[in-house]
Amino acid sequence: MSESTLVPPPPAFAASAHVSSRAAYEALYRRSVEDPAGFWAEQAARLAWHRPFDAVCDADARPGEIAWFHGGRLNVSYNCVDRHAAVTPDRPAILWARNEPGEYETITFRELQERVGRFANVLRAHGVRKGDRVCIYLPMIPEIAYAMLACARIGAVHSVVFAGFSADALRERILDADCAVVITADEGLRGPKRVPLKSVVDEAVANLDGVRSVLVARRTGADINMKPGRDRWLADELARQRATCPIEWVDSEDPLFVLYTSGSTGKPKGVLHTTGGYLVYAATTHHYVFDARPGDIHFCAADAGWITGHSYILYGPLANGVTTVMFESIPTYPDAGRYWQVVDDLRATIVYTAPTALRALLREGDEPVRKYRRDSIRVLGSVGEPINPDVWRWYHDVVGDGRCPVVDTWWQTETGGILIAPLPGAIACKPGSATLPFFGVVPVLVDDDGKVVEGNDVAGNLCLAGSWPGQARTIYGDHARFLANYFARFPGYYFTGDGCRRDADGYYWITGRVDDVLNVAGHRLGTAEIESALIGHGAVVEAAVVGFPHPLKGQGICAYVITRPEFDAWNREELAGALKEQVRKAISPIATPDRILLVRGLPKTRSGKIMRRILRRIAAGDFDPAGFGDTSTLAEPAVVDDIVALARG
Ligand code: WT7
């Protein structure tokens, strides 16, 4: 695909879009960066404020000290639920697509208000107060939405942990955020599999005295262990409470949630988002990037345990009063037609998913797509990793019948919402490029020496100048780490960790992480985190983890591991299997290395630094020493030959 191939917005779509031409985008964009206070004050009017804010933004004074809509008071649950229940009580708020195909449940805004109210009263009864953290470890059942909105209703801070994380990982997150209440389910369903959530929680909270209550939703009816005095069935607790729960009005800068993500060190970061700015940003980006309007059926196939689910299953659509689909299953259950069956059955108008899912579906051909009606779809979205141009084409031509704009959206857990993406009615796309910045967003490319790279047809480290309302405010309990991580490398800018190219037309192309973070099937993982998991196994002396290009997952994980001599007698395959199991247990199956190479040494410089670029080349199958770069500082060059011999194996 040549860079100059432009795919203009379908004219019929553009005609009625919120922003319907490049010129209209440019005018609004200029306004947003020249007068951010004016622009964002207008956008803030999407929400209902209990008390108006005094200032729009004070983020310029000191780097990393960010506040938006200061002095304003509001409530996220009121904005996402009550105000819509008052005017459109019978409109579906959530359409739940259960794990089994063809099974759906509708929750209207009125019903959502009742369930959130009842849930909030349960949390209060369990001692949860404003500012307290609540851990949510639930599968994709409506209770996850009720739980999140119930926290918001009483000013509590939710920490959703994706229900694929292991007991060790869950325990670490519960401890870090100091959660006294954990909400889970007996089991989760993911396609043909059952996930034993309650028993994972039991292991995670064993001997954690800080955890007072474990509230358990019944999903499968499996026989589980209930610890007296600590564990309660959610249904029983809900039945005890009334459905109305007063709103706790909070300050715009009061925290809404913590969400853990991987960085370049072993310990996951609790990214903290606050109330006013986050919700304004989620609602505004949802409105413009998906051209959302009342009557839309927004189908974001992510899990609510990731930021995509927070912003674009729950908060963005519901703040805008738009019906949101909650999908419990997986894209290939029972077959590769499942997404499109959901689209057909629910008449979804917006579809938002990840390239990794699309790559898996594309492999199965067009028939599972064509089998279902897709004429309800207006906008197709992609998120999480670069989308290969051929996959983009397939999405556009086959899934969208060439009728629907495709929005490739670049953003991060830390950005709260979409930062770079085409507006579907305004911007001509180049497959593979996230195109142009959203309103108020100022991307800056900086070279490794910290010099800003001006002009077009350039590349550099992707940074952002200034602030936007959805920006994370801190890392929970570690503001110094927040500053060091994002604001120290390139002073004056927020550093994203991504590399990026700005082409001759000013379009942005994300080239992937430049730090030690991997993107495996759309999941963000730190190499250091996987290494420390491996070192947790008694056999391991040292480990180095790198990513390599993987046709389906985007990146695969390759671990180079040095084991203790006592384990030399072990069967190599068995040992590698045990190490994989170790990573599954310490983090999650999503972090399992694809390849484990049991090596005798690692290529290190004389000062002891592992030369990862060599390991990356070898993992990618590039054994040509010419590609290894400068190896003159290697302490023991022979180590590389040994590894190459083993990798060729
Ligand atoms: C990292 C953030 C955004 C929600 C899901 C992931 C990569 C994300 C794109 C895209 C190329 C992308 C970046 C980013 N990424 N979207 N459209 N094109 N790369 O959130 O887990 O915080 O990961 O995902 O590398 O830094 P996350």
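Key figures
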item: Where residue 119 falls short, out of the listed (1) more than 21 Å from the chain's Cα centre (by Cα); (2) not in a helix (DSSP H, G or I); result: (2)
item: Filtered residue count, region 510-537, keeping only those that are hydroxyl-bearing (Ser, Thr, Tyr) and assigned to a helix (DSSP H, G or I); result: 2
item: Leading residue by the ranking (nearest to residue 555 (Cα to Cα)) among those in region 609-649 that are of a type in the set (Lys, Arg) and free of Cβ contacts under 8 Å to residues at least 12 places away in the same chain; result: 617
item: Criterion violated by residue 16 - all others in (1) closer than 24 Å to residue 320 by Cα; (2) touching a helix residue (DSSP H, G or I) at 6+ places or on another chain (Cβ under 9 Å); (3) among the hydroxyl-bearing types (Ser, Thr, Tyr) satisfied; result: (2)
item: Filter pass, residue 444 being more than 13 Å from the ligand (Cβ to nearest atom), hydrophobic (A, V, I, L, M, F, W, C), open to solvent by 10 Å² or more (accessible area, probe 1.4 Å) and out of contact with any helix residue (DSSP H, G or I) (no Cβ under 7 Å at 6 or more places or on another chain); result: yes
item: Any chance residue 145 is under 24 Å from the mean Cα position of the chain (by Cα), of a type in the set (A, V, I, L, M) and not in a strand (DSSP E or B); result: yes
item: All positions within region 155-186 that are open to solvent by 30 Å² or more (accessible area, probe 1.4 Å) and not in a helix (DSSP H, G or I); result: 178
item: Residue count for region 324-350, restricted to those that are within 18 Å of residue 111 (Cβ to Cβ) and in contact with a Ser or Thr (Cβ under 9 Å, 6 or more places away or on another chain); result: 1
item: Of residues in region 496-522 being more than 7 Å from the ligand (Cβ to nearest atom), over 22 Å from residue 484 (Cβ atoms) and in contact with a helix residue (DSSP H, G or I) (Cβ under 7 Å, 6 or more places away or on another chain), the one least open to solvent (accessible area, probe 1.4 Å); result: 520
item: Residue 42, sole failed condition from (1) buried (at least 21 other Cβ atoms within 10 Å of the Cβ); (2) over 23 Å from residue 325 (Cα atoms); (3) modelled with pLDDT of 95 or more; result: (1)
item: Residue check, residue 409 of a type in the set (Val, Ile, Thr) and open to solvent by 10 Å² or more (accessible area, probe 1.4 Å); result: no
item: Yes/no for residue 421 being under 19 Å from the mean Cα position of the chain (by Cα), under 25 Å from residue 512 (Cα atoms) and not β-branched (Val, Ile, Thr); result: yes
item: Residue match in region 421-430 (condition: open to solvent by less than 10 Å² (accessible area, probe 1.4 Å) and near the ligand (Cβ under 9 Å from one of its atoms)); result: yes
item: 1 or more residues aromatic (Phe, Trp, Tyr): qualifying strands (runs of 3 or more DSSP E) within region 1-108; result: 68-70, 92-97, 104-108
item: Within region 284-382, strands (runs of 3 or more DSSP E) holding 1 or more residues that are within 13 Å of the ligand (Cβ to nearest atom); result: 297-300, 350-353
item: Of all residues in region 397-411 being aliphatic (A, V, I, L, M) and over 23 Å from the mean Cα position of the chain (by Cα), the one that is farthest from the ligand (Cβ to nearest atom); result: 398
item: Residue identified as open to solvent by 10 Å² or more (accessible area, probe 1.4 Å) and in contact with a Leu (Cβ under 8 Å, 6 or more places away or on another chain) among 354, 360, 319; result: 360
item: Pair list, Cβ under 7 Å, 6 or more apart: region 492-517 residue without any contact (Cβ under 8 Å) to a residue 24 or more places away in the chain, other residue among the polar types (S, T, N, Q) and within 9 Å of the ligand (Cβ to nearest atom); result: 513/519
item: Candidates 557, 530, filtered to the one that is within 16 Å of the ligand (Cβ to nearest atom), crowded, with 22+ Cβ neighbours inside 10 Å and free of Cβ contacts under 8 Å to residues at least 60 places away in the same chain; result: 557
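Residue-by-condition table, conditions (1) surrounded by fewer than 20 Cβ atoms within 10 Å (Cβ to Cβ); (2) free of Cβ contacts under 8 Å to residues at least 12 places away in the same chain:
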site	(1), (2)
7	yes, no
18	yes, no
23	yes, yes
28	yes, no
50	yes, no
77	no, no
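The values are calculated or read from the model by the stated rules, or taken from the named source; none is laboratory data. A quick note: this is a predicted structure, and the numbers were derived from the prediction, not measured. Because the Cβ atoms are built from the backbone with ideal geometry, glycine has one as well, and the counts that use them run over all protein chains shown. In case anyone asks, the SASA skips ligands and DNA or RNA and just uses the protein heavy atoms, side chains included. Shrake-Rupley method; radii C 1.70, N 1.55, O 1.52, S 1.80 Å.
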